[in-house]
Structure formats: structure tokens, C-alpha cells
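Here the structure comes first, spelled out in C-alpha cells, and everything after it is commentary.
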Amino acid sequence: MHDKVLIVDFGSQVTQLIARRVREQRVYCEIAPFQKARDAFAEMKPRAVIFSGGPASVLDAGAPLPPPEFYQAGVPVLGICYGEQAMAQQLGGEVEGGHHREFGRAEVEVSGDCALFDGVWRKGERYPVWMSHGDRVTRLPEGFRPVATSPNAPIAAIADDKRKFYATQFHLEVAHTPHGAALLRNFVRNIAGCAGDWTMRAFRDEAIEKIRRQVGAGRVICGLSGGVDSAVAAVLIHEAIGEQLSCVFVDHGLLRLGEGRKVVALFRDSYNIPLVHVEAQPQFLAALAGVTEPEAKRKIIGKLFIDVFEAEARKIAADGRAPVQFLAQGTLYPDVIESLSFTGGPSVTIKSHHNVGGLPERMNMKLVEPLRELFKDEVRALGRELGLPEAFVNRHPFPGPGLAIRCPGEITSEKLDILRLADEIFIEEIRRAGLYDDIWQAFAVLLPVKTVGVMGDGRTYDYVVALRAVTSTDGMTADFYPFDAAFIGRVATRIINEVKGVNRVVYDVTSKPPGTIEWE
């Protein structure tokens, strides 16, 4: 129903950003690994194709390349970084390897006008960009002309306006290329002619119809985690099928202060959605006793969550109504992309907490995943479209294992109580200062160390709390929020005075470059 763009992934760590930039133009797009690009093209029938960057060299034997028929399909094509080199080589140009590496900030000079630059860049002007390459194009294929240059990439951008083929050696999708989003807009809206009619209102209406077609007269059970994703999925499904949906909220005791009560109030009182609240804190604490390794914690929480959830699902299925045939999950598009990743990489570890352990075969249910096409910011926009309270929709991300990964070392009830209160004070002061919406994520960590301190007239031997607050536009890169000393002093004073068991507070000023995982 909408114009579509296919993004062919060659393993760049920022491929998802291309999709985000395209969707910001209200154009629907999907990412496909290069091995599956041919099938994706046939299924999607896209108006345009974008080739991502990647770590390989087109000069290597067996280097990944786009299906050659894409160039005869009559659709515009844009190559980015590795994508430029692949396009140039496949169409008869030449690529030189490994002697002119260029990583980080750079400047390009526009040497020619083209539709990609129209209204954004002017011939003869210089513009900042972000480079990340070792190879470079040295000879153009027939029909192309150079339109930008940089000191280490004499052919930094190329254009074939007749066939609507364009390519850049620099990354358009990252924030470090300030005009990159505008150039991508030119490609998808002006060159490809995409209408830009993919909105959250349209998605909502289409998703509701899709859910109704999939479920029919069947029943759906949804596991709530307390987070935005599962909540938005549940409200959307309820709008589609009403009383055919039942929700189970497994309260594992690892949530923020008052979180369980807020979830129950939202679903029972505000939306009147059937909800089973399982208070399983003792079970989870017992299972985590003595466990210190973070990944082991994740797996224990995931397995036990499924066990508790499955027990409740059996009770619901035995209530004499129609059988429960479907399980709803708040799977997001980044999870789908990671599961299709051809590179493997760190995604197995990074994503191990998503979807709380997956779907056991013994449950014999079909999945309903209404958010699997959306990024996090789009889920928030859909939540607003569905009328969810802004305070809930715009909450900072909170990982599935909850406080278990913000409490390094052994988990105990005492340590969780300390952490909850310290975290609540930190967030409360951020809100009071009017900074909550400026920060992508903020939280407290209870470090597994104790220090000697003096409080009043006595010595103490208590825990250290670390505070973390970062800014980010995409969650892939992040920088610490520059609180002033007065704010940190205020928070530290409150935590030390109000949280028994803490005598020291530190603020973490670590940045998060692309491709790294948030410390936990």
C-alpha cells in the first residue's frame, strides 16, 4: 500500500541508521542481508534500493556483492561507502585497496551538481562528513561522473543521473555528516519519487486489520514486562480484538520502584484489559541466589519467566472459553535485523535478553508480533497514537532483566531495595530539573564494593552507587550527559542521606562509541 525502499546490508554497524533516516521521511523500508536481497526485492517490489557500508573489501575473493540484476531493474540505486565500491566495480570501474585509509571526520568539496545534492550542497563548497574506508574508487564506470572529492578519496561521490544511480564514499546516515539526512531525503523523495505517506496513523489502522485477519476468532495471550514495547503491543492488539486478548504480568521483583503497581493500574484501570498479575519475586530471588555472572543472570531470568508465564497460560487456556492459539510479543525491528545478521558478531550476547527467552516449541502457539516492523522511536509514536500516557510512552529504556544487571554481583533483597531507592531519587531530581526528555537513558548502579566513610561522628562501611546518564539519538552511540556540579552534589547528598547502606556516589562519564555495549 506504500512506496518501499530496500536496504541491502553488507555488515555495517550503522545500517539500521539508514533505515531510521529513510523512515524519518515517512517512507517505509526494510533491511535485508545481501544473501537474501534477491528474494526481498521480489517480495517488496521497492521504488529504490540502498547499498550499506560493510567491513569487507570488494577486492577479496568471494566478497559480498549485490545481485547484478538490480542495475537492470529500472529503480534508483544509492551506494554508501562499501556500497559505492561494490557499485563501481560491478559496473566496470576500478577500486584500489588499502593504501589511503580514512576514518572519522573529513571534508568533501562538491565538484559537480547532481540530483542527490539538489538544494542541499552547492558546487565549489566544502562540507563536513564522516568517512570509514580503506579502499577507494579510482576509475568510474561508464555513464558516471565524479561530483565530490576529499583528500584521501578523489572520487568521494559519483552520479549517473540518467539511470538514477548515486554513491558516496562517506556515510550519509550518521549524525557526524550534518547534511546526510537531507541528502537521503533527496534520494527517497525526489529521485525515487516515494510519496512519504507511511505514518503512525496509517500503520495503526493497517496493523489492526492485519491482527484481525491473523487471529480471527482465536484468543491471544500477551506477556507484559513493564516496558513500553509489550505495553504498546498489548494495547494495539486489544484495540483490534478486545476480550480475545488476555495479558500476564510476571512481576519478577527486579523492576524499578512502584513499577508493578503502575503497570497493573494502567491496564486494569485505564484500559480495562484482562490482566493476571503474578507476584513471583520470591521465585526469582531464590533462582538468582549466589549467581554473579551477568549472562548467567539473564538466562536464569529468561527461563524462569517462561516457566511462570507458561503456567499461567495453561490456567487461562483451561477457563472453558475458546482455546488460546496465539502468543503476542513486543518484538521490534532491530531484534529482527539482529536475528538475520549474516555477520554473527556480538549480537548473540547483546540481544540475549530480548523477548525473554523466546517461544518454546511445547507451547504450540503462533506468534503475533505487531511491532516487528518498528524501531523504538516509532513504537513510542504508535503509543501516543493509541493514547498511552506520555509519562509511560516516553520513559527511558529499561532492559528485560531489570535491576539484575544494574546490581553487579550477587542479587539480594536488601541490595535491590537500596538500588531502587537510589535510582528513584536520581530520576526524581532529573525530572525536577526539567532534564528528563533531554536524556536518552539514566539509571543508578549498585557497585559490588563497599568503602569506609565517616557520617556524623561515626565510621561507615557501605556501598557505592554509580550514576549513569547518556544522550543518544539512536541507542547505538551515546555520550554522558554534562550535569553541572551542583546537580550531582544535590543527588549525591540526597542518596547518602536518604538511602541507608550507601556512603559514596560517583558519576560515570564514559562515552559509548558505535558497536559497543552499554556497561552493566
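The values are calculated or read from the model by the stated rules, or taken from the named source; none is laboratory data. Note that this is a predicted model, so its numbers are computed, not measured. Positions of Cβ are backbone-derived with ideal geometry, glycine not excepted, and every protein chain shown enters the neighbour counts. Each accessible area value is taken on the protein alone, full model and side chains, heavy atoms only, with ligands, DNA and RNA left out. Shrake-Rupley method; radii C 1.70, N 1.55, O 1.52, S 1.80 Å.
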How many residues does the stretch 74-89 contain that are at pLDDT below 95 and open to solvent by 20 Å² or more (accessible area, probe 1.4 Å)?
1
Kindly evaluate VAL248 against the criterion of being touching a strand residue (DSSP E or B) at 6+ places or on another chain (Cβ under 7 Å), among the β-branched types (Val, Ile, Thr) and open to solvent by 10 Å² or more (accessible area, probe 1.4 Å).
no
Please go through the stretch 120-141 and pick out each residue that is among the charged types (D, E, K, R) and within 20 Å of MET87 (Cβ to Cβ).
ASP135, ARG136, ARG139
Condition test on GLY258, is it surrounded by fewer than 17 Cβ atoms within 10 Å (Cβ to Cβ) and within 19 Å of PHE398 (Cα to Cα)?
yes
Can you work out which of the residues in the stretch 172-191 that are open to solvent by 10 Å² or more (accessible area, probe 1.4 Å) and assigned to a loop (DSSP other than H, G, I, E, B) is farthest from ARG105 (Cα to Cα)?
HIS179
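For every residue, the table says whether it meets (1) of a type in the set (A, V, I, L, M); (2) assigned to a helix (DSSP H, G or I); (3) open to solvent by less than 30 Å² (accessible area, probe 1.4 Å); (4) within 15 Å of LEU257 (Cα to Cα).
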| residue | (1), (2), (3), (4) |
| --- | --- |
| LEU371 | yes, no, yes, no |
| ASP377 | no, yes, no, no |
| ALA381 | yes, yes, no, no |
| ARG384 | no, yes, no, no |
| LYS415 | no, yes, yes, yes |
| LEU419 | yes, yes, yes, yes |
| ALA422 | yes, yes, yes, yes |
Filtering strands (runs of 3 or more DSSP E) wholly in the stretch 118-171 for at least 3 residues that are under 21 Å from GLN89 (Cα atoms) and without any contact (Cβ under 8 Å) to a residue 60 or more places away in the chain gives 136-139, 145-150, 153-160
Selection within the stretch 275-332 - in contact with a Lys or Arg (Cβ under 6 Å, 6 or more places away or on another chain) and under 16 Å from LEU224 (Cβ atoms)
LEU275, VAL324, PHE326, THR331
Tell me, please, whether a residue that is modelled with pLDDT of 85 or more, open to solvent by less than 30 Å² (accessible area, probe 1.4 Å) and of a type outside the set (D, E, K, R) can be found in the stretch 342-364.
no
Looking at the stretch 43-50, can you tell me whether even one residue there is in contact (Cβ under 8 Å) with a residue 60 or more places away in the chain, closer than 28 Å to VAL95 by Cα and not in a loop (DSSP other than H, G, I, E, B)?
yes
Counting only residues that are under 23 Å from the mean Cα position of the chain (by Cα) and among the hydrophobic types (A, V, I, L, M, F, W, C), which one in the stretch 408-453 is farthest from PRO294 (Cα to Cα)?
LEU435
Just checking: which of the helices (runs of 4 or more DSSP H) contained wholly in the stretch 209-310 hold 3 or more residues that are among the β-branched types (Val, Ile, Thr)?
228-241
Could you tell me whether any residue of the stretch 460-472 is modelled with pLDDT under 90, more than 31 Å from the chain's Cα centre (by Cα), in a strand (DSSP E or B) and over 15 Å from PRO397 (Cβ atoms)?
yes
I'm trying to understand the selection: among the residues of the stretch 125-153, which are basic (Lys, Arg) and either surrounded by 18 or more Cβ atoms within 10 Å (Cβ to Cβ) or in contact with a Phe, Trp or Tyr (Cβ under 7 Å, 6 or more places away or on another chain) (or both)?
ARG136
Total residues in the stretch 62-117, condition outside any loop (DSSP other than H, G, I, E, B) and either more than 28 Å from the chain's Cα centre (by Cα) or not aliphatic (A, V, I, L, M) (or both):
25
Which listed residue, of ALA115, ALA156, is surrounded by 21 or more Cβ atoms within 10 Å (Cβ to Cβ), at pLDDT 90 or above, touching a Phe, Trp or Tyr at 6+ places or on another chain (Cβ under 8 Å) and among the small types (Gly, Ala, Ser)
ALA156
